[in-house]
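The values are calculated or read from the model by the stated rules, or taken from the named source; none is laboratory data. Being a predicted model, the structure only gives us computed values, none of them experimental. With ideal geometry, Cβ positions are generated from the backbone for all residues, glycine too; neighbour counts draw on all protein chains shown.
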């Protein structure tokens, strides 16, 4: 595994944010959702696509706090522009388990 510096790690902006909307993403090749994420109390809302349908229902995702990478470039997925990357752990079967705090955290708190 290639080593990185601590500064390289700090350059990745990983913060906690809350999912506020979940819709089916029917145009995606793999079962996915379209997510809206509340950045700064509805002043700044970002959209993301995520392949979470096999592990999470829409109801389970609403108001869930998750770790997000927010300084990657936007990525087009089918007809949708994903603006941030949700973090999780990819299991051997391809399912994703979300990276979430075990206690409530203030939105915007940065991972360190």
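Checking the condition in a loop (DSSP other than H, G, I, E, B) and surrounded by 11 or more Cβ atoms within 10 Å (Cβ to Cβ), which residue from 35, 26, 52 passes?
Exactly one residue qualifies, and that residue is 52.
Out of (1) under 21 Å from residue 112 (Cβ atoms); (2) outside any loop (DSSP other than H, G, I, E, B); (3) under 16 Å from the mean Cα position of the chain (by Cα), the odd one out for residue 19 is which?
Looking at each condition in turn, residue 19 falls short on (1).
For the structure I just gave you, tell me whether residue 4 is under 18 Å from residue 108 (Cβ atoms) and either at pLDDT 95 or above or in a strand (DSSP E or B) (or both).
No; evaluated as a whole, the condition is false for this residue.
Return yes or no: is residue 93 touching a residue at least 24 places away in the same chain (Cβ under 8 Å), out of contact with any helix residue (DSSP H, G or I) (no Cβ under 6 Å at 6 or more places or on another chain) and part of a loop (DSSP other than H, G, I, E, B)?
no
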